[in-house]
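Each reported figure results from applying straightforward, stated rules to the coordinates on display, with no laboratory input. Predicted model only: the values in this text are computed from it and were never measured. Every residue, glycine among them, receives a Cβ derived from its backbone with ideal geometry; neighbour counts consider all protein chains shown.
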């Protein structure tokens, strides 16, 4: 018996439902022998393929390690957790669900910041005025560093966020954030 081909799909919620629907449209039925709470499954009628139900971030990490052969996860997570992702994994196609944008968000009161060049100007002035670098709260450390470097913004420091990133400025732990958004409603609600 050979090693199975491992396909990782999201383990819960709407992402799992959408992934299973995607496979079903291709005539492939995913099933869990141990019931709905099982983290392993199969594709009915297809030998030597194992479904691994994992969190979206676990899928990206396991793709990086080579622990799964195919994964359904977010491009943001792949690019955050896999250095040189384009050289190490093949991103086949967007599936049309789970869409979100990674955004740089500043407080609405910063009316003079509309571009990354504006942000660079504000960062320099902020350091002079407050005697410390502007703080950026994010879960996307590598994406943030890369994006800021491409835009010449260097006068900042990252504050790693483990929770509701959009609340960091109101809590006083950061001046701005880098996060994902689908509609922007949560960002707007938090100013």
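Helix 141-150 axis versus longest C-alpha principal axis of the chain: approximately 50°, rounded to the nearest ten. Of the peptides 42-51, 60-69, the order by per-residue mean of other Cβ atoms within 10 Å, starting with the highest, comes out as 60-69, 42-51. Can you work out the FRET efficiency for the pair residue 90 and residue 12, with r the C-beta to C-beta distance and R0 = 41 Å, to the nearest 0.05? It comes out at approximately 0.95. Based on Cα contacts under 8 Å between residues 6+ apart, the stretch 5-88 shows a relative contact order of 33 percent.
Figure the gain on full extension for residue 181 and residue 127 (residue separation times 0.36 nm, minus the Cα-Cα span) and round it to one decimal in nm. Don't skip to the answer; put the middle values down first.
Details: separation 54, 0.36 × 54 = 19.44 nm, distance 2.81 nm.
Between residue 181 and residue 127, full extension yields an extra 16.6 nm.
For the stretch 88-191, divide the Cα radius of gyration by the Kirkwood radius and give the resulting Rg/Rh value with two decimals. Could you put the intermediate results ahead of the total?
Numbers: Rg = 14.5 Å, Rh = 14.6 Å.
In the stretch 88-191, Rg relative to Rh is 0.99.
Our helix-only sum for the chain, with -39,500 (n - 2.57) per DSSP H run of n ≥ 4 divided by its residues, gives a mean residue ellipticity at 222 nm of -10000 deg cm²/dmol.
Helix 116-130 and the longest principal axis of the C-alpha atoms of the chain enclose an angle of approximately 60°. Here 134, 116 are placed in order of increasing Cβ neighbour count within 10 Å, fewest first, which gives 116, 134.
In this simple spin-label approximation, residue 37 and residue 150 carry label points 7 Å from Cα along the Cα→Cβ vector, and these lie 4.4 nm apart. With q set to 0.11, 0.12, 0.14 Å⁻¹, the log10 of I(q)/I(0) for the chain, from the Debye formula over equal scatterers at the Cα positions, is -0.61, -0.69, -0.85. By the count of other C-beta atoms within 10 Å, a proxy for reagent exposure, 70, 95, 90 are ordered fewest to most as 90, 95, 70.
Helix 13-25 versus the longest principal axis of the chain: what is the Cα-based angle in degrees, 0 to 90, to the nearest 10? For helix 13-25, the angle is close to 50 degrees.
Size of the stretch 5-88: Rg and Dmax of its alpha carbons, in Å, are 12.7, 38.
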